Structure formats: structure tokens, C-alpha cells
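Derivation of every value follows stated rules applied to the coordinates shown; laboratory data play no part. Given the structure is predicted, the values throughout are model-derived calculations rather than measurements. Cβ: placed from backbone, ideal geometry, glycine included. Neighbour counts: every protein chain shown.
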Amino acid sequence: MLFSERIRTLRKQLGMKQRTLAAAIGVDLPMYSRYEHGERSPKREQVIKLARLLDTDANELVALWLAEDAMRTIGHDKMSARASQLLLETLGGDTATVPVEAPVIPDAPSINVESEIAVTPEVPTIDPTIIKAPIDVDVKRNLITSLGRRGLPHYEQGDARLVMQRIEDCSVDCIVTTPPYWQLRRNEMITASNIDEFIDDVLRVMAECWRVLKPKGSLWLNMSDAYQNDSLQAIPWRIVIKMMDLQGWILRNDVVWNTNTNSTENTHDHLRNTHEFLFHLVKQEEFEYDPKELRRVFNEVMNMGRKGLMPPDVWNIEAEKSPIERYNVSPELLCRLPIVATCPENGLVLDPYCGTGTTCKVAYELDRRSIGIDINPERLRLADGRVEQKSLSLF
């Protein structure tokens, strides 16, 4: 069973539609159908993405894709068996089981293997923990069940990826979070020694986010960029593109958050940085979304005159200061808009990098349950002190 048949079989076993997979990997339905019938070949990054969506081993699916591509090239040639044998010899494989259906013509010119057969370059193995959340049989996934219908925010201290392993599959309605900034490398949540390691660490948490998020849930990811060796590193986009290519996320919006800060950064060769990104990502085409409530809240706060229009993808929201030195907090409106738009009433909100708990505070004010995770106990103490128990009404 080669690539085309494998993806067709896996899709049917999972009860998925062709159009869902087509949208997830960025092609139209007719093109995806050709992939399943072996008429066209996708790109490698699309193959890896399909592996994530179809819950199968990425390396195995890539191998099947390469094999099918080779068969498409040589499969109908009378010298295909000999070509297969030469390819195995070149790659160092076992040729004993390869049948030679057509003998080599005696007078045929000798074949220079090195010049005629292109050896596939070695491809670095992708760490599977950034593609899919690892299964730990020793961890009980019962955190949400143990909380019952708790109304107040619940906070957990520890490494986000490890704590999230205790959260049940497909149990969270909405995730709103801001990973630590690479610029603040002394932050205790950053153990990576370079940007690539930092990106992989964030991706491992995003793999857990995929696992715990409900099929119709949303992830809102706030990130800023950083300079290194006088060059912006495009950290937000490098992370999000890998999330799309490797983990299967669908990007619905990239919101530019204009922080309206009076930055005093004294630069002579680039503009002052006064914006961050807020990415809206989902797992499938159908997801929870309340455009009416989103318009109402946005227009009330922004005093927009044309109230029938959807909010734009540039948000002018003042940044908020923190009592902690060199530590910023998310503005409440930056959390409120995503929650009212994509978390149903009485739903559950998660913030794996909660800091002083702005996301959880806003969720509580909007009558949503919430869980916040942070490695710093002092920040969690501050977060817990920001929420006051609502008075209970008997009527």
C-alpha cells in the first residue's frame, strides 16, 4: 500500500471528508482528490501535515510518498526492475528480493550509477514531540473532571507541557495565551539556548494545545518578535507556519495588536517596534464563533460608528503596565475579544502561560470557567488575588 492508497484508507477509517483535509493543507478539493488517486503528488510539508491530521507516523508516510513518486517515474518502463535494483544498491539496501523482470541488453552502454541516479539527500528527522503530544501512560488525565463545576479560576504551578498532560483530550473550549518573550531570556520559563530550541519548546506546548482543545475550539496566540545579530528573527511566523505545516492548525486571522506604547527605544537603523501579533487558529473548518457578540463588545469599547461591520484585523489597544519589573501583562480587552467571539457560555478557557492571570480574570468576569498554568508561584499568587468571588443570588 503506497501513499495515495494509505491516505485514502486512513481518511475513511477516521470518517473525514476530502474537503476538510484539502482545506487543512491549503489545496482545493479536486487537487486533493488527485492525491488520493495517485494522479498528482503533494509537497513534503503537506505530507507531514497529512500525517498529523490522519494520526499516523510522519516518517512512514513520507517514505510511502517517496516510494510512490519513484514508482510514478519508472513504473511503466521496461527497465523499471533494473532501475529499482540499482537504486537499492546505491542506497545500500538488500537487493536479494528485487525481481529482475527484463534482462539488461548485452550491447547496451554501461550505466554510470553516480551520474544517472540521484541519491535523495538525508533529511533531518523531525522531533515527533513537536508534531503530536506524546502519550504518557503513567499520567492520569483527569484535571478538569476533578475540578467539577468550579466557577473561580483554577491555577496550576509548573511547566506548561507537563501540567497539560493531566488535562483530558478535547476538553477545552478556548485557549488564549502569550508565551514568554525571547528577548527576556532570563525568564525562568525559557531554558532553550538558542531561538530554534525556543521555537521547538513552544511547539511542544502547542501540540498539547491541539490535543486538549475541542474540535470546534479556538487558540489565540499572542507573540512578539525579537532582534538577533541586527536582524528580526520572524519568531511568531516561524512558530505559526510550523504549527500549520506540522501540527495541522488552520490560521483564521493574524491580528496586528498596536500596543500604542510611547516607546523610547533609541534606534538609528530601524523603526520603533510598537506592535505584536495575535493569531487565531482552529482545528477544523467548523468552529465556535459569535460574530454578533464580537461586534457588540468591540464597537462598545472602540466607539465605532459603523456598528454593522466586523472588527478589523488591526486592534489599537493600550498596553498595560505591571508591578513586576520588566514584565508586561496582556490588556484585558485583548483577552476579552477572543473569549466572547469563540468561547461559548459556561465554556472552559485555558492559558498555559498565564503569568498574573489576566486571561483567567476576564474569563471569570464573562462567566466562563478557566485554568491558568505558570511556572512562577509568585505570579500565580498575584493572579489569585486579582479575582473576587461573585456574590450569589437566591433569585
- Query: Whole-Hz Karplus ³J(HN,Hα) for the stretch 131-140, in order, using 6.51 cos²θ - 1.76 cosθ + 1.60 and θ = phi - 60°, x for Gly and Pro?
  - Reply: 9, 9, 4, x, 8, 10, 5, 8, 9, 8
- Item | Using θ = phi - 60° and Karplus 6.51 cos²θ - 1.76 cosθ + 1.60, couplings along the stretch 150-157 (whole Hz; Gly, Pro as x) | 3, x, 5, x, 10, 10, 10, 9
- Considering only Cα-Cα distances, which of the following residue pairs are longer than 23 Å: K49/K214; K17/K283; K132/K292; K12/K216? K132/K292
- Under unit Cβ charges (Lys, Arg +1; Asp, Glu -1), what dipole magnitude, rounded to 20 debye, does the stretch 163-261 have relative to its Cα centre? 240 debye
- Based on the Cβ-Cβ distance from V314 to A67, what FRET efficiency comes out when R0 is 30 Å, to the nearest 0.05? 0.05
- Query: How high is the relative contact order of the stretch 128-385, in percent, counting Cα pairs under 8 Å that sit 6 or more residues apart?
  - Reply: 26 percent
- List every residue whose amide H lies under 5 Å from the amide H of Y155, counting only residues 5 or more places away in sequence or on a different chain, with H placed 1.01 Å from N in the peptide plane. G372
- Message: Could you check the spin-label model distance between E45 and L271? Points 7 Å from the Cα along Cα→Cβ, value in nm.
- Response: 2.5 nm
- Item | Residue-span extension gain [E332 to V137] - 0.36 nm each, minus C-alpha spacing | 66.4 nm
- 3J(HN,Hα) from dihedral phi, the stretch 220-236, Karplus parametrisation 6.51/-1.76/1.60, rounded to Hz, x for glycine, proline: 10, 10, 9, 8, 10, 9, 8, 8, 8, 6, 6, 9, 4, 9, 6, 4, x
- Calculated FRET efficiency for the pair Q389/S231, C-beta based, R₀ 41 Å, to 0.05: 0.25
- Query: What ranking do R166, R204 get, fewest neighbouring Cβ atoms within 10 angstrom at the top?
  - Reply: R166, R204
- Task: Taking 7 Å along the Cα-to-C-beta vector as the label spot, tell me the N346-D200 distance in nanometres, rounded to one decimal.
- Result: 4.4 nm
- Taking Cα atoms of the stretch 128-385, Rg/Rh with Kirkwood Rh, to two decimals? 0.94
- Note on the structure: In this structure, the FRET efficiency calculated for S33 and D290 from their beta-carbon separation, with R0 = 25 Å, to the nearest 0.05, is 0.15
- Task: Kindly provide log₁₀ I(q)/I(0) values, in the same order as q = 0.13, 0.21 Å⁻¹, from the Debye equation applied to equal alpha-carbon scatterers of the stretch 202-319.
- Result: -0.65, -1.22
